[in-house]
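Visitor: Got a structure for you, questions after.
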Amino acid sequence: DLKSYTDTVYHNEELKSLTRYRFDKVRERAKLKQSVSRLVTILFPELEKLVSSLHSASVYALLSEFPGAKQISSTHMTHLKAVLKNASQGRYGQEMAETIRNAARSSVGSVMPAKSLELQHTIRLIRELDAEIEDIETAIQAIVDEMQSPITTIPGMGVRMGAVILAEIGDFSRFDSPDKILAYAGMSPSTYQSGQLSLSGAYSHMEKRGSRYLRYALYNATKHVCHWDPTFAAYLAKKRAEGKHYNVALSHAAKKLVRLIFAMEKSQRPYCAAA
């Protein structure tokens, strides 16, 4: 009864290792970004209102060289302008450099060399993780290309989430129906009921069991598919019009997406939008 170790099995195992590895790296990077935000609040709190995001290449370049309001306020304008211009590819120039330096000179931020050093090191770690995640994503892309799964033809289904879905589900022949996949993802509704509640008053919610990676990927993929595909967008809008909370409506759309993925993997046919 033993099955041979096929190329498909090998690809699934490799993909699962890579996607879970990427998941952990992205989560690690997110924590470091929270640290950057915390440190900027201490060292130069006004900066956040001056830029679109603290976590852009230009802001990281600025803070790597000048990790605090005091350092920015004392630097030469020509140098500050050059750092911003190079890192932002010309988007930030003289005007932004002057705005940031003026804000730094009147900043209420603390002067704490230890925190400044921590900020520089944290940004360095984020950059290293960026490079590692890019390498992982390149390896994921290569395997997904080789697998040639039809689910990547679904509008809004990116390679990252598609790869997690394929990796976590693995061999679709293991599942008799889409409902089995939903159960495996922990997306089957469970009903909690007190002794004083009737069935009609019971509260249903997701079980939160099964593969958290698959559940995460399905919900995130559904958001994008509902944005890019008219059929799914209309289905989500219909559920919302019925009075359902956004997350509940999204869970219904996720179930619809699972049914679609199951059918596509069984038929190996690309996505065809409903007429």
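The values are calculated or read from the model by the stated rules, or taken from the named source; none is laboratory data. Note that the structure is a prediction, hence the values are computed from the model and not measured. All Cβ positions, glycine included, derive from the backbone under ideal geometry; neighbour counts span all protein chains shown. Heads up: the accessible areas ignore ligands, DNA and RNA and are worked out on the full protein's heavy atoms, side chains in. Shrake-Rupley method; radii C 1.70, N 1.55, O 1.52, S 1.80 Å.
Visitor: Which one of these is open to solvent by less than 60 Å² (accessible area, probe 1.4 Å), of a type outside the set (Phe, Trp, Tyr) and modelled with pLDDT under 95: VAL40, VAL51, VAL26?
Guide: Details: VAL40 fails: modelled with pLDDT under 95; VAL26 fails: modelled with pLDDT under 95.
Answer to the check: VAL51.
Visitor: Now, a different point. Only one of ILE133, ILE140 is over 30 Å from ARG38 (Cα atoms), open to solvent by less than 20 Å² (accessible area, probe 1.4 Å) and within 28 Å of the chain's Cα centre (by Cα); which?
Guide: Just one listed residue meets the conditions, ILE140.
Visitor: Also: When you scan the stretch 198-210, do you find a residue that is among the aromatic types (Phe, Trp, Tyr), at pLDDT below 95 and in contact with a helix residue (DSSP H, G or I) (Cβ under 7 Å, 6 or more places away or on another chain), even just one? Let's see the steps before the verdict.
Guide: Let us first name the residues in the stretch 198-210 that are among the aromatic types (Phe, Trp, Tyr), namely 203.
Now drop any that are not at pLDDT below 95, which leaves 203.
Now narrow it down to the ones that are in contact with a helix residue (DSSP H, G or I) (Cβ under 7 Å, 6 or more places away or on another chain): none.
No: zero hits.
Visitor: Can you name the residue in the stretch 248-275 that is of a type outside the set (A, V, I, L, M, F, W, C) and either out of contact with any helix residue (DSSP H, G or I) (no Cβ under 9 Å at 6 or more places or on another chain) or outside any helix (DSSP H, G or I) (or both) and, of all such residues, is least open to solvent (accessible area, probe 1.4 Å)?
Guide: So, considering only residues that are of a type outside the set (A, V, I, L, M, F, W, C) and either out of contact with any helix residue (DSSP H, G or I) (no Cβ under 9 Å at 6 or more places or on another chain) or outside any helix (DSSP H, G or I) (or both), the one least open to solvent (accessible area, probe 1.4 Å) is TYR271.
Visitor: Can ALA163 be described as modelled with pLDDT of 90 or more, in contact with a Ser or Thr (Cβ under 8 Å, 6 or more places away or on another chain) and of a type outside the set (S, T, N, Q)? Before you say what the answer is, go through the steps one by one.
Guide: Details: modelled with pLDDT of 90 or more: yes; in contact with a Ser or Thr (Cβ under 8 Å, 6 or more places away or on another chain): yes; of a type outside the set (S, T, N, Q): yes.
Against the criterion (modelled with pLDDT of 90 or more, in contact with a Ser or Thr (Cβ under 8 Å, 6 or more places away or on another chain) and of a type outside the set (S, T, N, Q)), ALA163 qualifies.
Visitor: Continuing with the same structure: Which of (1) assigned to a helix (DSSP H, G or I); (2) closer than 29 Å to ALA61 by Cα; (3) in contact (Cβ under 8 Å) with a residue 12 or more places away in the chain does ILE143 not meet, given it meets every other one?
Guide: (2)
Visitor: Follow-up. Search the stretch 115-134 for residues that are touching a residue at least 60 places away in the same chain (Cβ under 8 Å) and pair each with any residue that is open to solvent by 70 Å² or more (accessible area, probe 1.4 Å) when their beta-carbon atoms are under 8 Å apart and the residues are at least 6 apart or on different chains.
Guide: Qualifying pairs under 8 Å: LEU129/GLU28.
Visitor: Report, by residue number, each residue of the stretch 26-40 that is charged (D, E, K, R) and either closer than 25 Å to ASN102 by Cα or not in a helix (DSSP H, G or I) (or both).
Guide: ARG38
Visitor: For the stretch 115-130, which positions are open to solvent by less than 80 Å² (accessible area, probe 1.4 Å), closer than 21 Å to GLU48 by Cβ and among the hydrophobic types (A, V, I, L, M, F, W, C)?
Guide: Once the filter is applied, which keeps residues that are open to solvent by less than 80 Å² (accessible area, probe 1.4 Å), closer than 21 Å to GLU48 by Cβ and among the hydrophobic types (A, V, I, L, M, F, W, C), the stretch 115-130 yields LEU119, ILE123, ILE126.
Visitor: Next question. Working only within the stretch 41-58, note down all residues that are farther than 17 Å from SER107 by Cα and either among the hydrophobic types (A, V, I, L, M, F, W, C) or outside any helix (DSSP H, G or I) (or both). I'd like the intermediate steps shown before the answer.
Guide: Within the stretch 41-58, the first condition is being farther than 17 Å from SER107 by Cα, and the residues that meet it are 52-53, 55-58.
Correct list: SER52, SER53, HIS55, SER56, ALA57.
Visitor: (1) surrounded by 19 or more Cβ atoms within 10 Å (Cβ to Cβ); (2) closer than 20 Å to LEU125 by Cα: which one isn't true of LEU84, the others all being true?
Guide: (2)
Visitor: Tell me, yes or no, whether the stretch 87-107 has at least one residue that is at positive phi and either surrounded by 14 or more Cβ atoms within 10 Å (Cβ to Cβ) or touching a residue at least 60 places away in the same chain (Cβ under 8 Å) (or both). Give the steps one after another, and end with the answer.
Guide: Taking the stretch 87-107 as the starting set, the residues that turn out to be at positive phi are 89-90.
In the following step, the residues that additionally are either surrounded by 14 or more Cβ atoms within 10 Å (Cβ to Cβ) or touching a residue at least 60 places away in the same chain (Cβ under 8 Å) (or both) were identified as none.
Within the stretch 87-107 (the criterion being at positive phi and either surrounded by 14 or more Cβ atoms within 10 Å (Cβ to Cβ) or touching a residue at least 60 places away in the same chain (Cβ under 8 Å) (or both)), the answer is no, since none of the residues qualifies.
Visitor: Residues of the stretch 168-189 being surrounded by 13 or more Cβ atoms within 10 Å (Cβ to Cβ) and either at pLDDT below 55 or assigned to a loop (DSSP other than H, G, I, E, B) (or both), which ones?
Guide: Correct list: GLY170, PHE175, ALA185, GLY186, MET187, SER188.
Visitor: It is to be established whether one or more residues within the stretch 68-80 are at pLDDT below 95, within 23 Å of GLN34 (Cβ to Cβ), surrounded by 15 or more Cβ atoms within 10 Å (Cβ to Cβ) and within 32 Å of the chain's Cα centre (by Cα).
Guide: Scanning the stretch 68-80, I find no residue that is at pLDDT below 95, within 23 Å of GLN34 (Cβ to Cβ), surrounded by 15 or more Cβ atoms within 10 Å (Cβ to Cβ) and within 32 Å of the chain's Cα centre (by Cα), so the answer is no.
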